[in-house]
Amino acid sequence: MTTETTPQTAGLPRHSESGMHTRAINSAAGVLLAAMQQGRQTPAGLAIALDAACLLNSPEHAAEDAALRAERHTTNEALSDAAEQLRADRDRIAELEAELYTAQAHGRTLLEQRNAHAHELLKLRPALHAAQARVVELEARLAEYERPADEDPIAFTLTPAADQLAETGGDQ
């Protein structure tokens, strides 16, 4: 089986004298020959071979196939863009989680320091009350004497400290 072709210029599809595409005809002939060599002789067997080689496509099917290929390309690009955005979002989430962890650790440190100071003050409060009571006691004993308080060295030393404690309310 041979097909005569007419001379063509470069870049144009080759056509036989009947207007058919020589390349498509040669492809179909090759598929049919291979199918016959494999023992397929029935029209159905030969049609199956042509269909497996995708040579039975109608123009509508070819257009649909081209549209699906274009859609697949667009979908793949959109998927790549979405994956890139997902990676960027994941990196930003990791960055924000690190900042949150740092802020939480700093907050815990400040809270721990405040609690330590509060415990320390609670431990010192009984000593402060005892000191205040002792000052009151010493001032009462001092009042028993006839000399002015500013001449007594104990009262002279304790009075400013007691005044300061009274002013601050013992919150030192």
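Values as computed for the structure displayed
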| item | result |
| --- | --- |
| Distance between modelled label sites at Glu139 and Tyr101, nm, 7 Å Cα→Cβ extension | 5.7 nm |
| Neighbour-count ranking [beta-carbon atoms within 10 angstrom, fewest first] of Leu142, Leu100, Leu121 | Leu100, Leu121, Leu142 |
| Where labels lie 7 Å past Cα in the beta-carbon direction, separation of Glu84 and Thr109 in nm | 3.9 nm |
| Kirkwood hydrodynamic radius of segment 57-168, from inverse mean 1/r over distinct Cα pairs, in Å | 22.1 Å |
| Integer Hz, Karplus 6.51/-1.76/1.60 couplings in order for segment 60-68, x for Gly and Pro | 5, 5, 5, 5, 5, 4, 5, 5, 5 |
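FYI, it's all coordinate maths here, none of it is from the lab. Please read these numbers as outputs of a predicted model, since none were measured by experiment. Note that we place each Cβ from the backbone using ideal geometry, even for glycine, and neighbour counts take in every protein chain shown.
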